[in-house]
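Structure record follows, encoded as structure tokens.
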Amino acid sequence: MTIELTPFARTRLFPDRGRGNTIQDCTPEQFERHLNTQAPLKVLDGYAPFCKLHVHRNWTSTRCLTVPITSANRHQLRSAYEARSKAELPVLVRWFEGVEPPVASYFVVILYSAEQLAKENAPIQGDWGVVGCLYTAEPEEIPMAPITMMRNALGVEEGGSGVPMDREAYRRAVEFWDNNANWRP
């Protein structure tokens, strides 16, 4: 089984100008090599049959992706309409500014099959493509953001995967994201 970084993941996980809330101390090539040479601690099923999650110990100084919302930090939440790429429509997102989360213990690498990526007009040479990575304290998945679930349900033409909405998963995601937020340096 071969794994490769998709262009979508490369620009988000390893931006041209490094940011504190992306993967640290590692090049895209080193990251991809690690995924292909080190067995994951465990493999989790993703939200659809074409999605798998590989859990690896964090070997970098990358910090946790999310921070719990408390009365002490709620005033540091920000929001704006943003798109993940030029092809997508902007959606409302929120994040913390001015907080520093702990170093993550795990990388939860989100993989899509080559067949699915071809359907999404993002073909790869490998068997599986990295479409994202969660930096977590526990070796478990962070629920997908509700807006990402909606985008997926809209279909490939809107930047999604075409997977229908799972109402129970959506409710679990809302519960998590109502109490947690991403952060930006």
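So what's the range 1-69 giving for Cα Rg divided by 2.2 N^0.38 Å, two decimals?
Values: Rg = 13.0 Å, N = 69, 2.2 N^0.38 = 11.0 Å.
Normalised Rg, Cα atoms only: 1.18.
For Cα pairs less than 8 Å apart in space and 6+ apart in sequence, what is the mean separation divided by the residue count of the range 99-167, i.e. the relative contact order in percent?
It rounds to 26 percent for the range 99-167.
Quick one: ranking Y106, Y47 by accessible area, 1.4 Å probe, largest first, what do you get? If you can, show how the numbers build up before the last one.
On the way: Y106 30, Y47 75 Å².
Ranked list, largest accessible area first: Y47, Y106.
Roughly how many percent of the accessible protein surface of the range 1-158 is carbon and sulfur, given a 1.4 Å probe and a whole-percent answer?
52
Provide the gained length on full extension for the span R167 to K42, in nm with one decimal, where the gain is 0.36 nm per separating residue minus the Cα-Cα distance.
Working: separation 125, 0.36 × 125 = 45.00 nm, distance 2.65 nm.
Value of the extension gain: 42.4 nm.
What are the semi-axes of the equivalent ellipsoid of the range 1-151, taken as the square roots of 5 times the eigenvalues of the Cα gyration tensor, listed largest first and rounded to whole Å?
Values: eigenvalues 125, 74, 44 Å².
Three semi-axes, in Å: 25, 19, 15.
Magnitude of the Cβ-charge dipole of the range 1-67, K/R +1 and D/E -1, about the Cα centre, nearest 20 debye?
Numbers: 9 positive and 6 negative charges, 41 e Å.
The dipole magnitude comes to about 200 debye.
Which value, in Å², gives the accessible area per residue of the range 58-149 when a 1.4 Å probe is used on the protein heavy atoms? All intermediate terms of the calculation are to be shown ahead of the outcome.
Values: 4820 Å² over 92 residues.
Value returned for the range 58-149: 52 Å² of accessible area per residue.
The values are calculated or read from the model by the stated rules, or taken from the named source; none is laboratory data. From a predicted model like this one, the values you see are computed outputs, not experimental measurements. Virtual Cβ from ideal backbone geometry, glycine too; neighbours counted across all protein chains shown. What goes into the accessible areas is simple: the full protein's heavy atoms, side chains included, and nothing from ligands, DNA or RNA. Shrake-Rupley method; radii C 1.70, N 1.55, O 1.52, S 1.80 Å.
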